[in-house]
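I have placed the structure first, in the form of structure tokens, so that the comments after it can refer back to it.
All of the numbers you see were taken from the coordinates with simple rules; none came from a lab. None of the values given here were measured: they were computed from a predicted structure. Cβ placement follows ideal geometry from the backbone for every residue including glycine, while neighbour counts extend to all protein chains displayed.
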Amino acid sequence: MINTTVLVVIGAFQAAFIVAMLTVLMAASRRGRRGDKEEVTATSMLRAPTRALVLAKDRGEELAAALGRLPRKVAVRQLLLIAGSQLADEQRASLAARVRNERWVEDTLAGGFSRVWWKRMDAARLLTFVMGPGDAALLRRLVQDPHPAVMSAAAGAIAGIADAELMKTVIRRLSKCASTVRQQQMRALRSHSELATAILITELKAEKSAAQICALVLLAEVLGSTEALAATVALASHEKAEVRATVARALRACFTPEAVDAARTLLQDDDWRVRAAAARALGSLKVVDAIGPLQSALRDGSWWVRFRSALALGALGGVGEEALATAAISDDDFARDMAVVVGGLTESARLELSS
């Protein structure tokens, strides 16, 4: 009797679970069909107003009015889709000015203060399009969001405003971000290269941890400005190997005598990562009189140092090729093998491996 009761209870639970799952699936299917219908209807409704803006028949008034008649979430999705794929910069700016104060835009941006991360992400995504001077405080909040998806979405809005406090916030927090988010933010900072460079140089002079310094040096490399790269050269003698390696990688784009001297010094570093990056920098900087040190580096105990040194020699033109040919017949196994391998590569292959 007990066994029968247990089986009945288990069967009832299984039946209830199956019914619940079917109910959830049916509800999701209905929502999906309803959402698809809304998107199709919205696309059809916005086609003519979008064409009017694209063909300069108006300044976006018709499209802004049509977006205002849609459900808020549908309007946001359609706005981002149209702005991202069909409009020129001037047209996007004109449309943004016309929708910025609409209720559906304000309600979406208010989600930037929500406890729900995807509402904050929706606000960040919309902010990339409607960003204005009055939104700097909201953007500063979103670029510091604890959720990486929100920070990633907010990175797109950084280019929309040259705010010094925002730049400082982003730059000071780079080392705390996930690598993907950090790369997105650094690329966005290039839109304000002059301001970002000035802040970066100031930050490099302050006392920082090794992780913070590495992030700042990476930013200097991404910005690519002469001043930013030159400010990293002094860190070539830093006590931490990871900092020296990061600086050595940045030196390949710093065409100054100080950078060349730093790369020469780093080629003799105790850490193989630093030596490899320094060899790469000497090749990129076309330091022809570094042939001797690079030839010696072909005998290095680290495969990566030998490889980078051989590629650097190959990048130095005829004299570098002669050095590789000499190494290919030397009595040192390390130097000979690496010279033969790199010497047999095509120019395009060398360029690809050196990039």
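Would segment 287-355 count as rounded, prolate or oblate if I go by the C-alpha gyration tensor, calling it rounded below 1.5 in a/c and otherwise prolate when a/b exceeds b/c, oblate otherwise? Present the calculation step by step, with values, prior to reporting the outcome.
Values: a/c = 1.36, a/b = 1.23, b/c = 1.11.
Rounded is the answer for segment 287-355, as its axis ratio a/c remains below 1.5.
Straight-line reach from Lys205: which lysines fall under 17 Å, measuring Cα to Cα and dropping same-chain residues less than 8 apart?
Lys168, Lys240
If you take volume of the Cα convex hull per residue in Å³ from the coordinates, which of [x] 250; [y] 126; [z] 143 do you get?
[x]
Taking the beta-carbon count within 10 Å as an exposure proxy, list Phe129, Phe13, Phe334 from fewest neighbours to most.
Listing Phe129, Phe13, Phe334 from fewest to most nearby Cβ atoms yields Phe13, Phe334, Phe129.
For Glu194, Glu207, Glu242, what ranking results if the residue with the fewest other Cβ atoms within 10 Å of its Cβ goes first? Could the numbers behind the result be given before it?
Working: Glu194 10, Glu207 6, Glu242 15.
By the 10 Å Cβ count, ascending, the order reads Glu207, Glu194, Glu242.
Distance from the Cα centre of segment 93-145 to that of segment 163-211, in angstrom?
Cα centres, segment 93-145 to segment 163-211: 22 Å.
For the charge dipole of the chain, defined by +1 on Lys and Arg C-beta atoms and -1 on Asp and Glu C-beta atoms about the Cα centroid, which residue among Leu298, Ala328, Leu70 has the Cα displaced farthest towards the positive pole?
Leu70
What ranking, highest mean first, results for peptides 254-266, 96-108, 275-287 when packing means the other Cβ atoms within 10 Å averaged over each residue? Walk me through the numbers on the way to the answer.
On the way: 254-266: 18.3, 96-108: 16.7, 275-287: 25.2.
Highest to lowest by the protection proxy: 275-287, 254-266, 96-108.
Highest first, please rank the peptides 294-302, 56-64, 215-223 by the mean number of other Cβ atoms sitting within 10 Å of their residues.
215-223, 294-302, 56-64
Where the centre of each part is set by its Cα atoms, how far does segment 306-355 sit from segment 53-68, in angstrom?
Computed from Cα coordinates, the inter-centre distance equals 60 Å.
Using Cβ counts within 10 Å as a stand-in for footprinting exposure, how do Asp145, Asp337 rank, fewest first?
With the sparsest Cβ surroundings first, the list reads Asp337, Asp145.
With a/c under 1.5 counting as rounded, go ahead and sort segment 33-116 into rounded, prolate or oblate using the C-alpha gyration tensor (a ≥ b ≥ c being the square roots of the eigenvalues; past the cut-off, prolate if a/b is larger than b/c, else oblate).
oblate
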